[in-house]
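The values are calculated or read from the model by the stated rules, or taken from the named source; none is laboratory data. Every value quoted in this text rests on a predicted model; they were computed, and no experiment measured them. Note that each Cβ is placed from the backbone with ideal geometry, even for glycine, and that neighbours are counted across all protein chains shown. We work out accessible area using only protein heavy atoms, side chains counted, and drop any ligands, DNA or RNA first. Shrake-Rupley method; radii C 1.70, N 1.55, O 1.52, S 1.80 Å.
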Amino acid sequence: MVTGSERLLAEIALPVPPRKVLTYAIPPALQNEAEIGKRALVPLGPRLVTGYIVGLRTFSDQLSAIGRQASEIKPIDAILDPDPLLDHHMLELTRFVADYYLTSLGSVIRTALPPGIDRSTVRTVQLIEPPHLSPDIPGGEHLAEEIRQLGPIQRQVLTTLQAQRRMSLALLKRRWPSEEVDRLIRFLVERNLARIEYQERRPSVRPLFRPSLNLAFDRATAEIELLALQHRAPRQALLLGRLLQSGPPLTFTEATVIGGASGVRSLIAKGVIRRTTEEVERSPWEETTIAAGSRPEPNSAQQTAIDGLLNGLSLRTFFPALLYGTTGSGKTEVYLRVISEVVQRGGQALVLVPEIALTPVTADRFRSRFGDRVALLHSGLSPGERLDQWYRIKRGMADIVVGARSAVFAPLPRLGLIVVDEEHDASYKQQDEPRYHARDVALARGQMLEIAVLLGSATPSFETIHRAREGNYRLFRLPERVEARALPSMTLIDMREERAQRKAHNPSTPSLQKEDTGGFEARGEPLIFSRALADAIKETVAKGEQVLLFVNRRGYARLLLCRECGFTLRCPHCSVSLIYHAADAGMRCHYCNYRQRPPTCCPQCGGIACGWLGYGTQQVEAAARRLAPNASIVRMDRDTTRGRHAHRQILGDVQQRRTQILIGTQMVGKGHDFPGITLVGILSADASMQIPDFRAGERTYALLTQVAGRAGRGDRPGHVIVQTYNPEHYCIVAARDHDYEALCGIERPLREQRGLPPFGFLILLLVASSHETQAQEKAEQLAGLLLERAVSSLTVEGPAPAPVYRLKGRYRWQILAKGPDPGTLHHWVKETIASLPPSGQAGIEIDVDPVDLC
């Protein structure tokens, strides 16, 4: 804390453009409050924004560096926190993430803190009633004509503004392409039809307090008063007796039920009890308590891993390890045993899982072992729950934190172990700013704190297994399932032969029902279930066992095709087809959420011979209901899990065997333990192989292995049926044979030859603009500068149009920068981008260590 009369400057990291660390003066009245790690409200142009204090300096130190007069430096408006939200370690970690991923410190800090706690002023657009639009007024007719000539998107925005009168510019730009919004607002402001205003935005979430009643005296005095009240005011005595118990304070309503309203008022008037406020924790748990779970005895492989990890913990130094265990081998029990030792030593543990769907399941397992000392942290919580869990963690009230990607920044003061379950999963990489990888941040955090970091997977990423074999990570193996259960058998169905046989036996395929096609005439039902899979589903359901059907595409159909002219209905803002969703009978873009109704005829040729191609989870559900009409069928995808606790409800029904057939996307294919599932059907194994990405084979193998691993985890053997048009592909054959080494043997030389991970490092540069030529020109300019500045070990691929060329109204070109050393690679890219002349039209997005090149 700063004391005395010394005047200081604060270095403030801003999470909003320009996303830099700026210098502000600290007014004398705020100098005692200013501390590194607190938030401050600061002026930025005509508005106020929340920033983060990351440094304090004297005027003389700072002015010599920046060459400015003290009077030129804007003062801080307010200090927002009584205590720092970020300690030294968290500031060090967020600086590392910002430096390594070439992003802004303010953006990283905002990610590390609970959302919704900041104050700011936001830009809004206020529509002015335009009296001069009347044709009788000079210029009115011309202006009305200009408005009629606005583009369709601008007319949509204008219609919304007319209904709302005032809206946040940020909200408008989330709904529509920002360039279109900017053009419309500029048009309206120049013609005095609208004005820009600034409104204060208060925090959207705060700690929750409620009024309560508590004792005003010490316990001895209160007991004397209780004796005096027992005969003349028994209800007051009853209330006072309740407060003398060691329970929590009573709310006014609870006290009124016990002592009556007049009794409560009387005790307050006498000064026996007093009104107070207490903070209320908004709990994310549906059940306040959970039954203690079993503690199975570890097998020899598990015990070897536990002993080795405990030895590593005893070293009290950075100890990275990989727990490589087949599906169902008991990795979670190893986590539980090691974490138990960490907690007994007074430390804390952080457990990361890749999907929000996994957090309730994992947290319940930990709560059954460790009780209420477990906290939950992920974006699926309500804002209030997330804030309260964050403060609970920061205050040291939780020994174990279970969370998804952003939980890697959980403010654990005694952190002793980090576990990254399913470490191979691409969900650990953030796909927008700041683009960090939670697994790698966990490793960096472990190195800073000199603690153990345990990575677990049945299908480790190539980078992780390479580092383990090079000796950088300690490797522990769990080669068999617990209780010596067999891995599921896998059958590959060649869908080319299946389609040929179906055509030969039934040349005139029956048409779809009208409700299945959205009203279109369709020529044939898509081939969803092979005969082998259809028979297996019916047989499994008849035996009272459960089925998992996996299809990695939500919605009903992949695209709408006119069979007369070949037209497909595409998103007007993105280079993708619209997906049909039967639930609302609408077409939807899965990138920008653009929606429209299916046309009654082809918009291009007017024909009516339109039909759906491909299928998603909704159409699979419809087909499964026709196949097994009496079975209990549930679909689990992003559309069915939007509701609160939807994940827990669906998974609970499967666990309790109330669901016979579970249909889902990748969220059902990892980490879950369903003993009743004996059949897994993978409907299209080829989808992930068609992606133009060097990791396509690795991902396909991991996906097939993980999904297949849900079968046979109980006392009955499991079977997996994989439908594919490429049954001879090496990654599918390797998955069938459970042969990870065969996959590595083919992929390793291909990557080493091209300098791809794990034999090199990548930075993906994406240049985007609403103007097609500007995006291309900027990308070519950037690629040329990179080549000019490159040393022999650094290479450039591109520029080339991005696989999704247009996204949310912006055209995209990408460049891939490669190098064997991350430090050299990062410096080269950072300095080259800094040398580019500024351009407001084309932006550059930087993705360090990309996991997806599409």
Bins of 10 Å, starting at 0 and running to the largest distance - Cα pair percent for region 524-681:
10, 36, 31, 18, 6, 0
With Cβ to Cβ distances under 11 Å as the rule, what net charge do the other residues near Met587 carry (K, R +1; D, E -1)?
+3
Taking a label point 7 Å from the Cα of Gln501 along the Cα→Cβ vector, which residues of region 700-730 have an amide N closer than 14 Å to it?
722-724
Between Arg232 and Arg373, what length comes free when the chain is fully extended (0.36 nm per residue of separation minus the Cα-Cα distance, one decimal in nm)?
46.3 nm
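Assuming R0 = 51 Å, what is the FRET efficiency of Thr824 and Asp87, from their Cβ-Cβ distance, to the nearest 0.05?
Computed FRET efficiency for Thr824 and Asp87: 0.95.
So for region 699-823, averaging the separation of alpha carbon pairs under 8 Å that are six or more residues apart and normalising by length, what relative contact order in percent results? Walk me through the numbers on the way to the answer.
Values: 143 pairs, mean separation 29.3, N = 125.
Reported relative contact order: 23 percent.
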How much of the DSSP bridge set in the chain is antiparallel, in percent, rounded to the nearest 5?
60 percent
Long-range amide H partners of Asp77, meaning residues 5 or more apart or on another chain whose placed amide H is closer than 5 Å, are Leu41, Val42
Where labels lie 7 Å past Cα in the beta-carbon direction, separation of Arg166 and Ile128 in nm:
1.6 nm
Residue-wise HN-Hα coupling along region 795-801, computed from phi with Karplus coefficients 6.51, -1.76, 1.60 (Hz; x: Gly, Pro)
9, 10, 10, x, x, 8, x
From phi via Karplus (6.51, -1.76, 1.60), per-residue ³J(HN,Hα) for region 456-472 in Hz, x at Gly/Pro:
x, 5, 8, 9, x, 5, 4, 4, 6, 5, 5, 5, 5, 6, 7, x, 6
Quick check on the chain: take the gyration tensor over C-alpha atoms, sort the square-rooted eigenvalues as a ≥ b ≥ c, and tell me if it's rounded (a/c under 1.5), prolate or oblate.
rounded
Tell me the net charge near Ile682. Cut-off is 15 Å between Cβ atoms, Ile682 excluded, with +1 for each Lys or Arg and -1 for each Asp or Glu.
+2
Quick check: pseudo-label points 7 Å beyond the Cα along Cα→Cβ at Arg19 and Arg626, how many nm apart are they?
4.8 nm
For the chain, what relative contact order do you get, as a whole percent, if you take Cα pairs closer than 8 Å and at least 6 residues apart?
9 percent
Given the -39500 (n - 2.57) contribution per DSSP H run of 4+ residues, what per-residue ellipticity at 222 nm results for the chain, rounded to the nearest 500 deg cm²/dmol?
-11000 deg cm²/dmol
Only Lys, Arg (+1) and Asp, Glu (-1) charged, at Cβ; the chain dipole about Cα centre in debye:
1740 debye
Note to self: with every protein chain in place and a 1.4 Å probe, region 325-417 gives an accessible area per residue in Å² of 26 Å²
Obtain the nm distance between the two label points defined at Glu564 and Gln604 by a simple spin-label model: each point lies 7 Å from its Cα along the Cα-to-C-beta direction.
1.3 nm
Residue by residue through region 527-537, what is 3J(HN,Hα) from phi via Karplus (6.51 cos²θ - 1.76 cosθ + 1.60, θ = phi - 60°)? Round to whole Hz and write x for glycine and proline.
7, 8, 10, 5, 4, 5, 5, 4, 5, 5, 4
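What shape does region 167-310 take by its C-alpha gyration tensor, where a ≥ b ≥ c are the square roots of the eigenvalues and a/c under 1.5 counts as rounded, a/b above b/c as prolate, and the rest as oblate?
oblate
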Identify all lysines with a Cα-Cα distance to Lys808 below 29 Å; exclude those on the same chain that are fewer than 8 residues away in sequence.
Lys20, Lys173, Lys429, Lys778, Lys818, Lys830
Grab the other residues whose beta carbon is less than 11 angstrom from that of Leu475, score K and R as +1, D and E as -1, and report the net.
+3
Extended-chain gain in nm, criterion 0.36 nm per residue less alpha-carbon gap, Asn311 and Phe759
158.2 nm
Computed FRET efficiency, Cβ-Cβ of Leu836 and Arg657, R0 51 Å: what is it to the nearest 0.05?
0.30
